[in-house]
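In what follows, a single structure is set out as structure tokens and then discussed.
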Amino acid sequence: MARTTMKLLDSLRFRIATLFQRSQMNAEMEEELRSHVQHRADDLERSGLPRGEAARRARIEFGGHVRYKEESREAAGGTLVESFLQDVRYAVRLLRKSPGFTAVAVVTLATAIGANAVVFSALNALMLRPLNVPQPESLYGLQFGEGSRGAQSYPNYLDFRDRSSSFDGLAAYHMTQAGLDTGKNPTRAWLYEVTGNYFDVVKIQPYVGRFFHSSDEHGAHSAPYIVLSYGYWHSHFQDDPGAVGRTVEVNKRPFTIIGVAPPQFQGTFLLLSPDFFVPIVSLEDEDGLNARRGRWIFETIGHLKSGVTPEQASAELNSIGEYLQTTYPKDNGKMNISLSRAGLYGDTFEKPLRGFVVALMLLAGLILLAACANLGSLFAARAADRSREVAVRLALGSSRTRILRQLFTEALLISLSGGAIGIRGGAMLLRRLSTWNPIPQFPTNVPVNPDANVYAVAVLLAFVSGLLFGAVPVRQVLRTDPYELIKSGSLAKLGRRITFREVLLSIQIAICAVLVTSSLVAVRGLLRTLHSDFGFEPDNVILADTDLDMAGYAEAAVPAMQKRMLESIQTIPGATSVALTNCAPLSFCSRLSRSSVYTDETSDRGPSNIAGSPLRFQISPEFFAVAEMPVLAGRIFTLHDDKNAPRVALINQAFAREVFGSPAKALGRYYKMWDGTRIEVVGIVKDGKYTSLTEDLQSAMFLPILQAASSATFLMVRSDSDPQRLAAAIRSRLRDLDAGLPVFLQTWPEALDRVLFASRLATVALGVLGVLGAILSITGIFGMAAYSVSKRLRELGIRMALGAQRKEVLQAALGRAFNLLAFGSAAGLLLGIFASRVLASIVYQATPRDPLVLAGVVLAMALLGLLATWIPAQRALSIDPAILLREE
């Protein structure tokens, strides 16, 4: 054992010594080899040969001088670092001699790896990276029913909290807006209304000050405390610790700032981050806290106890749900309760986001695979151009392993360079995305900053990509016969069978055609959307969004203030018509709700007898004129439809069909609200879009705002004058009425940006992927064409020498590449037509059966083919047969 250990140590010392005595060892090796050749030459000279001939014969007999030196170095050990550095230096020199090839290869790979890094970062942020709270793996949210999360009343939450034993604690939160006055201009801010135990359940500690707890709650309007988010404290209080203890006003009620949340905590919903946190009880009255039929809690969350599975917790929660349904049958229907990871609001957001991001990840992966196939074709063409060099190196005694190692070194240099550029570009884009706020009304939180996982995946992709496309020429090198190659001048004979590389290229072209088709479909869908029929006319309308509750108006004072607002705005020059509503269709409204309705004959108003759940709009009489929403039958409201008049409503066609069977049977009929109030249908309006462009027809009812008051107030002003000047006048008039009233002004088309966001995001994403696919198609077709021309130079020269026409030469040189382009484009176009059907659920009015889309795809692919084959075609046509045959 000791002797073996000593031998290993001696061998290790020898190998280390060779690393630091390389020049001396090389000199000794050179001298040894020279002496062998010299001794053999002496022997041949003594046999009668002249000295010069003897020396020549000795060198021939000795064989590859370089090969023996390499074998001797390997036998001596310690050559790995030196040979690696030699390969790197040689690869750098070769790549510098071919700047066009190097640039195309690096940019191609940088684009593909950058796209994968960006998409994986989104996948990592939304799906893989947990919430930034302690023990995120055990934090779950309650999901009620099919895809709706939260949506529970406060009394129901209390029952779940107190009766459940599967959680360390259950907390609830609801995200909404409020007017915040810190002593300067009042602003609208986003807040979490949370239960007193919220911070205890999520197990975080304050950055400054303290948090509130359940012990601070003592009924309605108790615990008037605020905890600021770190971002809001940083931007509005300039990191002043003295902000803790200050009194501010929330909806005109005094609140005390008691603490600041830590920087890494931005709430428990990944997509939106609040400005501050307040207890639910501080803003709600007794009726709201005790109403079991209320539906305003956004989400209930909690940490599972150790040893409790989600299935066990769901079973317990469902038993509590059955108790609530049995005990309060008029207020609760059947509850199908399940658990899902906290952060993305269950099926409502998680499933669509997961599907969208995973689909993008697959497409990005296909683009990287296509990039590797393209670079493999380029490397094959490059190997064909360097065939003589490879043959000479093999003839001089170089091993095939060494040549392959050199090729892989070049591939890895390109892949790592492209990966570095792609990672850098992707990181810059991701940092911009992290601060991107596509919808100004929302405190968007896009946590896509790259982390160690993103960089690790990008480096891994770069390394694997280099190995993949670097392996393409391996078969050519392994089968190379240097003597035949030197005589024939080509690395391999051109066959007629379809190669694996050509199959990959066809698939890549098909992918490109799919992406181009989908992006054109999405663009056309967006263009149609901007000119489609929404059921109303948004152009030339300005929306002034506010909530009188934020300015401290009691329910009784709301109608009088709304009347003053209407009267003041109507006198602005250029305002042709003005209306009030609790929500403008297709604009974000935090107070837009649904109401359960029953037929007039229903006496048992329980959940099982609900006839419909229409959207509830409270409007002033001028609403239909401002919105230009067609009234198909009946009358519109007047100022006489107030609290002293019988209750009336206008309903849309979908409501009439759902409750009364048809619009013709609805006019003059009655229906009941959940509290038993009878409402007469006095008019029918045209169906429209209310919350989403891709929604199915939704039932909606329009109630007089004088009969159904709402503190949520949208002023709608139609005018043909300059929107900016009119907006300034509206802001000035409202400030004169109440300087403490926070208002958000925008045009109605600008408000549509929210509902168009998914369509635009899908269009941009598909457009970017389409451009990437087009770039890769160009390089792929170019690589194929260049490879074909390089391998057939001698054949083409003979054809031209025998009188072949230019058309025939091009057909011989590029026919296969054009055939692949045509086949891949046709397959991709068909796949794109079928795949684009999926876009209809995201992009309104997107249709693949559009002649302009089909013509655009054909034209785009033809232009890509012409652009990619231009240089190989010029090379084929510029062949001089005399020079080429003389060289051969």
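The values are calculated or read from the model by the stated rules, or taken from the named source; none is laboratory data. The structure presented is a predicted model; accordingly, all values stated were derived computationally and were not measured. Note that each Cβ is placed from the backbone with ideal geometry, even for glycine, and that neighbours are counted across all protein chains shown. Surface accessibility is based on the protein's heavy atoms, side chains included, excluding ligands, DNA and RNA. Shrake-Rupley method; radii C 1.70, N 1.55, O 1.52, S 1.80 Å.
From largest accessible area down, sort Trp233, Trp674, Trp436, Trp870; use a 1.4 Å probe on the protein chains.
On the way: Trp233 10, Trp674 130, Trp436 105, Trp870 160 Å².
Solvent-accessible surface, decreasing: Trp870, Trp674, Trp436, Trp233.
For Arg163 and Arg605 in the same chain, what is the full-extension length gain: residue separation times 0.36 nm, less their Cα-Cα distance, in nm?
Full extension of this stretch gives 156.3 nm more.
If ligands, DNA and RNA are left out, what is the accessible area of Phe356 with a 1.4 Å probe, given in Å² to the nearest 10?
Number for this one is 60 Å².
Can you tell me how much longer the chain between Ser47 and Asp696 gets when fully stretched, taken as 0.36 nm per residue apart minus their C-alpha distance, in nm with one decimal?
So the extension gain works out to 223.4 nm.
Could you let me know the centre-to-centre spacing of the stretch 623-692 and the stretch 715-770, using Cα atoms, in angstrom?
The stretch 623-692 and the stretch 715-770 have Cα centres separated by 28 Å.
About the Cα centre of the stretch 200-292, how large is the charge dipole given +1 on each Lys and Arg Cβ and -1 on each Asp and Glu Cβ? Please answer in debye to the nearest 20.
Values: 6 positive and 11 negative charges, 38 e Å.
The calculation lands at about 180 debye.
Using only protein heavy atoms and a 1.4 Å probe, report how much of Arg210 is accessible, in Å² to the nearest 10.
90
Taking θ as phi - 60°, what are the ³J(HN,Hα) couplings along the stretch 741-757 by the Karplus curve (6.51, -1.76, 1.60), each to the nearest whole Hz, with x for Gly and Pro?
Per-residue couplings from phi come out as 9, x, 9, 10, 10, 6, 6, 5, x, 5, 5, 5, 4, 5, 6, 8, 4 Hz.
Heavy-atom accessible area per residue, the stretch 506-608, 1.4 Å probe: how many Å²? Walk me through the numbers before you get to the answer.
On the way: 3930 Å² over 103 residues.
Per residue, the stretch 506-608 has an accessible area of 38 Å².
Return the distance in nm (one decimal) between the two label points of a simple spin-label model at Ala826 and Trp870, each offset 7 Å from Cα along Cα→Cβ.
In this crude label model, Ala826 to Trp870 measures out at 2.7 nm.
First measure r as the distance between the Cβ atoms of Val764 and Gln238, then evaluate 1/(1 + (r/R0)^6) with R0 = 25 Å and state the FRET efficiency to the nearest 0.05.
Taking R0 as 25 Å, the efficiency between Val764 and Gln238 is 0.10.
Using label points projected 7 Å from each Cα along Cα→Cβ, tell me how many nm separate Glu537 and Glu808, to one decimal.
Between Glu537 and Glu808, the simple spin-label model gives 6.8 nm.
Would you mind telling me the share, in percent, of accessible area of the stretch 222-270 contributed by carbon and sulfur at probe 1.4 angstrom?
52
Which entries of Lys305/Lys334; Lys334/Lys689; Lys252/Lys563; Lys643/Lys686 show an alpha-carbon separation above 28 angstrom in the structure shown?
The pairs that break the limit, which is 28 Å between Cα atoms, are Lys334/Lys689.
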